[in-house]
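Everything below concerns the one structure shown next.
Quick note: the coordinates plus some simple rules give every number you see, no bench work behind them. Nothing here was measured: the structure is a model prediction, and the numbers come from that model. Counting neighbours? That spans all protein chains shown, and the Cβs are built from the backbone with ideal geometry, glycine included.
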Amino acid sequence: MFAYVAAVCLVTLLAPGGKTDSSSVRIYAALYSKGLARSDNNGGTWVVKNTTDGLASNFVYSVFALSKKIYAGTRSGLTMSFDDGLTWSNRLQSNLVYFVFALPNRIYAGTYASGLFISSDDGLTWISKNTTNGLASNTVYSIFAVQNKIYAGTDSGLSISEDNGETWVTRELLNNQVNSIFVSEKQIYAGTNGGLAMSTDNGLTWTSRLTPTVIQSVFALEGKIYAGTTSNGLAMSKDNGQSWTTIDSTRGLINNNIHSVFVSGNQIYLGTGGGGLSISNDDGIMWETRGLVDNYINSVFIRA
């Protein structure tokens, strides 16, 4: 199962209501078995980096970028570049890194069976957090961090720390395999194997939506929720989950298996399981496939 996990929680690079010129963004796509792809012209052309360029593995599960820093979670550890992809270095090479999340002063790496790793010195040293420290499980599928608060989606529930990992509490959901986490202001969105869970009180209580659909990726922005499913395409809500619209192959998607969702302004980017990258420039009305056709895209990240 873990080869196709799309545990993606992505943070918008725009202020609420912001607009993005699609010609100015850089797209990163984590490819299953083929490396890390990058496009500087909204998917018109692509450059792919792999092990010959210094990546730890061609099996890339997640990608995150801040300025000229790029982080790629792979089957053989965390690959990092601090010069916009010119050179690469590898860390945590004995671990399968499912998911990577970064703040300006910290890097978070979620692994298969080895817990959560945190670095505050650009990956030179790492602190490990696992079940002995209070984490729900040592398999971490997704991460979201805000200041000193960390949300870790595991195969045994959602673990939350408010002191940068020193102590943890675990919230149990309707389904405890948490594939994706997104946090927007006071609201938590958790994509699980049994639907979308939503909380407004730091996880004490939850509202369930889209049950029993497997949600692989979730993104939220200004009351809009975007949920990627395994076989039903993209579920969209414009009223914070009260009602939903389904976007699938009958409405222009090339593939209904949505591994990853990223939203920037009116642009929606979908990494699919075998159909490449689908892009909408009008908030989901029209869609086009922009390269990487036939690729499994585990994660997509947009750097404006």
Relative packing of 197-205, 92-100, which averages over residues the other C-beta atoms within 10 Å, highest first: 92-100, 197-205
Under the Karplus curve 6.51 cos²θ - 1.76 cosθ + 1.60, θ = phi - 60°, whole-Hz ³J(HN,Hα) for the stretch 263-278, x wherever Gly or Pro sits: 10, 9, x, 8, 8, 10, 10, 10, x, 10, x, x, x, x, 10, 9
Sparse-neighbour loop sites [trypsin sites (Lys or Arg not before Pro); the stretch 126-207; at most 16 other C-beta within 10 Å; DSSP]: Lys186
For Lys34, residues with placed amide H under 5 Å, excluding near neighbours: Val60
Net charge over other residues, Cβ less than 13 angstrom from the Cβ of Thr74 (K, R count +1; D, E count -1): +3
Cα gyration tensor, the stretch 157-215 - rounded (a/c under 1.5), prolate or oblate: prolate
For Arg209, net neighbour charge (Lys/Arg +1, Asp/Glu -1) across residues whose Cβ lies under 15 Å away: +1
Those lysines that a straight Cα-Cα span of less than 19 Å connects to Lys69, excepting residues fewer than 8 apart in one chain: Lys49
Amide H contacts under 5 Å for Ser260, placed H, 5+ residues apart: Gly271
Anchor Lys129: lysines whose Cα lies under 19 Å away (excluding residues fewer than 8 positions away in-chain): Lys149
Built amide H within the under 5 Å cut-off of Ser142, gap 5+: Gly153
Segment Leu174-Asp201, length gained on full extension (0.36 nm per residue, minus Cα span): 8.1 nm
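Viscosity 0.692 mPa s, temperature 37 °C: what is the translational diffusion coefficient of the stretch 2-303 from Stokes-Einstein with a Kirkwood Rh over Cα pairs, rounded to a whole number of µm²/s?
Calculated translational D: 177 µm²/s.
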All aspartates and glutamates inside 18 Å of Lys68 as judged from Cα atoms, apart from same-chain residues fewer than 8 positions distant: Asp40, Asp53, Asp83, Asp84, Asp121, Asp122
Distance between the stretch 248-304 and the stretch 183-229 - C-alpha centres, whole angstrom: 19
In sequence order, calculated HN-Hα J values of the stretch 214-229 (Karplus, 6.51, -1.76, 1.60; Hz; x Gly/Pro): 6, 9, 8, 8, 9, 9, 9, 7, 6, x, 9, 10, 10, 10, x, 10
